[in-house]
1. Suppose each label sits 7 Å from its Cα in the direction of the beta carbon; what would the Leu69-Ile260 distance come out to in nanometres?
2. Taking Cα pairs under 8 Å and at least six residues apart, what relative contact order does region 116-280 come out at, in percent?
3. Which one of His157, Cys206, Asn146 is farthest out on the positive end of the charge dipole of region 116-280, using unit charges on Cβ (Lys, Arg +1; Asp, Glu -1) and the Cα centre as origin?
4. Describe numerically, in nm with one decimal, the distance between label points set 7 Å from Cα along Cα→Cβ at Thr202 and at Ser268.
5. Check Phe241: other-chain or 5+ apart residues with amide H under 5 Å from its amide H, H built from backbone geometry?
6. With r defined as the distance between the Cβ atoms of Arg36 and Gln253 and R0 fixed at 35 Å, what FRET efficiency is calculated, to the nearest 0.05?
7. Net charge around Glu77, counting only other residues with Cβ within less than 12 Å of its Cβ (Lys, Arg = +1; Asp, Glu = -1)?
8. Taking every pair of alpha-carbon atoms in the chain, what share in percent sits in each 5 Å bin, from 0 to the bin with the longest distance?
Amino acid sequence: MSAPTVPSATAAGSGRSATERFTQKERSTSSVDQARVSAIATDAITALHDVIRRHGVTYAEYDALKAWLIRVGEDGEWPLFLDVWVEHVVEEVANADRKGAVGTIEGPYYIPGSPEFRSGATLPMRDGEQGTPLLFQGTVTDLDGNPIEDARVELWHADDDGFYSQFAPGIPEWNLRGSILTGADGRFAFHTVKPAPYQIPTDGSCGALIAAAGWHAWRPAHLHLKVSAPGKQLVTTQLYFEGGAHVQDDVAQAVKPELILRPTPAASGHGEEVTYDFALDPA
Ligand code: DHB
Ligand code: FE
């Protein structure tokens, strides 16, 4: 990894950014069925009661929990906490019936509206952006393998220091974020750099939990993607690199065997290249 370009990145900083972004996000406002709220809330609270009984949780531990929960909010780390330890099961349930491209968690760092390109693009990046050059390409098809024109492939990822633009200070707005609309052949090609493994912030409340429990804070290096097309289900996913650090022990438990890339030396002689195709389920 190169020397950090963002020395002042803090948990509180990215936590606050992630919380602000989430608060601004458009969400479904449809009313939720009261019986369903009651059933889910009752089961969740009962599950917690069971944990307290099973472990003989003490008043001191109960107070530590209260203090920690208050601090997660103060740090703005609810998006981080939920996306690391909870989202992967929501994704599993949401996408259980899909036949096409495999999904995984979105995480807290997606921003809609990234710069748009046709067919091929170099992601916005700084002069001398650190990291192995990577050509990431593929085809978007329907479930029968027919190419889809005007499919949208959105790619975002961390830099070589593990930082995301718009969440860590000092990085240009759209750095390492971009969208491609496919041509009639369904193909897309991004020139970018390989991201580094990502450590969830260790200086906030999530880091305090990790330290107290003796866990590690690492996610493997990953590319984030959203792939969509008219009349098709959008897939949100991530791709990882074979043999990379923490592919086997991702703190967010978001790695699946179908999501491992095996890049080869690029035909251009410059960096690496890899092909990955997306088949989209009908909407
Ligand atoms: C988190 C960060 C990620 O980059 C990701 O993909 C998932 C979760 C996080 O810090 O919560
Ligand atoms: Fe990520």
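Quick note: the coordinates plus some simple rules give every number you see, no bench work behind them. Since we're looking at a predicted model, the values are computed, not measured. Ideal geometry is used to build each Cβ from the backbone, glycine not excepted, and the neighbour counts take in all protein chains shown.
1. With each label point 7 Å from Cα toward Cβ, the separation is 3.9 nm.
2. Working: 379 pairs, mean separation 47.8, N = 165.
So the answer I get is 29 percent.
3. About the Cα centre, the residue reaching furthest to the positive side is Cys206.
4. 3.5
5. Leu261
6. Details: r = 26 Å, r/R0 = 0.74.
Between Arg36 and Gln253 the formula returns 0.85.
7. Details: positive: Arg16, Arg71; negative: Glu74, Asp75, Asp83, Asp203.
So the surrounding residues net to -2.
8. All Cα pairs, binned at 5 Å, distribute as 1, 5, 10, 15, 18, 17, 13, 9, 6, 4, 2, 1, 0 percent.
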